[in-house]
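Have a look at the structure below, then the notes.
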Amino acid sequence: EAAEAPEQNVHPTDRVVDHPVVLAGNRDGRNRKPLRPVRAVVGPEFIGLAAQELEATEQKTLVRDRVILDRIADAKSRLLQFDYDGAEVAFRAFLDQFGDDPQAGEAQYWLGEVLYQQEAYAESGQAYTKMIREYPEDPRAPEALAKLARSMRLVGDTDRACSALDIL
């Protein structure tokens, strides 16, 4: 095999990047035809910018993860200190901001527990119901179902409480 000829007009600090196929055609995707592979020369300033963007994205992710851990720990700490009002506010704030996070199911479960401790049994039942429906794969979902039955019994809805227990 013959060695590839060196790129012309390439500075020693540049890198050559091969893109396998470029498609040409209309924006709507019709008449798209493969063209020859494209070779681009990328200077160090571009590589440096790409590395900076990647590092910034990783830093944002690390900061977000740290905030999530801090918020959930704060809410649990308030619960353990019997600061139910503070725990409720903290769990609700966590769910408002991070409802798509994997720990949101756990936060929803603990919100139900906080409401139960405040003797807000109907609201507690709503929180457990939301936890079961929105986070069915969460390991606490079966426990939430049992606690939902407990809340329903305390508001006088024994038929639905028994139905919930039958699911278990």
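A few comments on the model shown:
- Qualifying chymotrypsin sites (Phe, Trp or Tyr not before Pro) in the stretch 48-119, where qualification requires a DSSP coil assignment and no more than 13 other C-beta atoms within 10 Å, comprise Phe82.
- Rounded to whole numbers, the Karplus 3J(HN,Hα) couplings from phi for the stretch 107-121 are 4, 5, 4, 5, 4, x, 5, 4, 5, 4, 5, 8, 6, 9, 5 Hz, using 6.51 cos²θ - 1.76 cosθ + 1.60 with θ = phi - 60°, and x at Gly and Pro.
- Computed from the alpha carbon positions, the gyration tensor of the stretch 64-120 leads to an equivalent ellipsoid with semi-axes of 18, 12, 8 Å, biggest first.
- Net charge of Cβ neighbours under 11 Å - reference Arg140; Lys, Arg +1; Asp, Glu -1: -4
- Taking a ≥ b ≥ c as the square roots of the eigenvalues of the Cα gyration tensor, an a/c ratio of 1.5 or more together with a/b no larger than b/c marks the stretch 108-168 as oblate.
- For the stretch 136-142, Karplus couplings with θ = phi - 60° (6.51, -1.76, 1.60), whole Hz, Gly/Pro x: x, 8, 5, x, 8, 4, x
Bear in mind that the values in this text are calculations on the coordinates, not laboratory data. Every value quoted in this text rests on a predicted model; they were computed, and no experiment measured them. We place every Cβ from the backbone using ideal geometry, glycine too, and count neighbours over all the protein chains shown.
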